[in-house]
């Protein structure tokens, strides 16, 4: 069985393809069990389930939540961003739906505040400020989740900076506005309250929002999870496109020891198209018996 439980769409967040194209390609690749896990968004889940039925693919409702997490033993207790995956929840759950709408609305408000801060910096340097038209152009480039990287891309396009590194170092760090914090406890309560399961996403991803930001040692990462996460956690994403084989095996053993479910997926954003590329064992699907569409 070919499985992929971590795919992003243009309809819901920062994927490059709409759902119709994703499911057509998933069918062509022989994917039999999948999940769309858009960032902080579940409004496309009904459409995804309908397309899955059309193509004869078993489907699991999914979502990826960005959580503000801290541990007193690391980074002086300062918060870092971690991603968690929610699976098998009721897509019509009111509390979950309303919270995600609030998060998305705040994200747009935050982006506008960042632009206002940027304009103050531009004024100091004698640069022309961003206008409402600039904001519209940035929004048009966003596939779902509006964040600082989209602003950085636009700054490169306008010739203000050479690359994203310069954009952040010179402007976006000092002009930042705090995100609306979502704590692990709340994320867990929302997903479990909607009948779902919460899974830590790509815990050893060296290039993403992962536990690597706190500890590069997998053994230390396991300690962090044991210390602070287990009461709120149902599983671990072991298979991921940026996990080494060592990380996969280490997290499989950890999940077995802690009696957690295991999941996996490509984290495909269609740039490139890597859905269905992970070798994920059939028993991953069996863990969700009764939760699949």
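Matching residues to (1) farther than 30 Å from residue 290 by Cβ; (2) assigned to a helix (DSSP H, G or I):
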{"residue": "122", "(1), (2)": "yes, yes"}
{"residue": "137", "(1), (2)": "yes, yes"}
{"residue": "149", "(1), (2)": "yes, yes"}
{"residue": "169", "(1), (2)": "yes, yes"}
{"residue": "187", "(1), (2)": "no, yes"}
{"residue": "209", "(1), (2)": "yes, no"}
{"residue": "225", "(1), (2)": "no, yes"}
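A quick yes/no check of all residues on (1) assigned to a strand (DSSP E or B); (2) in contact with a strand residue (DSSP E or B) (Cβ under 6 Å, 6 or more places away or on another chain):
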{"residue": "177", "(1), (2)": "no, no"}
{"residue": "191", "(1), (2)": "no, yes"}
{"residue": "206", "(1), (2)": "no, no"}
{"residue": "250", "(1), (2)": "no, no"}
{"residue": "254", "(1), (2)": "no, no"}
{"residue": "262", "(1), (2)": "yes, yes"}
{"residue": "278", "(1), (2)": "no, yes"}
Inset, instruction - Please indicate, with yes or no, whether at least one residue in the range 22-38 is assigned to a loop (DSSP other than H, G, I, E, B), touching a helix residue (DSSP H, G or I) at 6+ places or on another chain (Cβ under 7 Å) and surrounded by 14 or more Cβ atoms within 10 Å (Cβ to Cβ). - result: no
Inset, instruction - Go through 224, 261 for me and flag whichever is closer than 22 Å to residue 4 by Cβ and at pLDDT 95 or above. - result: 261
Legend entry - Among the candidates 269, 243, residue that is buried (at least 19 other Cβ atoms within 10 Å of the Cβ) and farther than 23 Å from residue 59 by Cβ: 243
Legend entry - Members of the range 211-233 that are touching a residue at least 40 places away in the same chain (Cβ under 8 Å) and within 19 Å of residue 66 (Cβ to Cβ): 211, 213, 214, 224, 228, 229, 232, 233
Inset, instruction - Pick out the one residue from 280, 248, 274, 261 that is crowded, with 21+ Cβ neighbours inside 10 Å and either farther than 17 Å from residue 15 by Cβ or out of contact with any helix residue (DSSP H, G or I) (no Cβ under 8 Å at 6 or more places or on another chain) (or both). - result: 280
Inset, instruction - Return only the number of the condition from (1) closer than 24 Å to residue 7 by Cα; (2) buried (at least 17 other Cβ atoms within 10 Å of the Cβ) that residue 171 does not satisfy. - result: (1)
Inset, instruction - Read through the list (1) in contact with a helix residue (DSSP H, G or I) (Cβ under 7 Å, 6 or more places away or on another chain); (2) surrounded by fewer than 22 Cβ atoms within 10 Å (Cβ to Cβ), then give the number of the only condition that residue 105 fails. - result: (1)
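The values are calculated or read from the model by the stated rules, or taken from the named source; none is laboratory data. Computed from a predicted structure; not experimentally measured. FYI the Cβ positions are ideal-geometry reconstructions off the backbone, even for glycines, and counts take in every protein chain you see.
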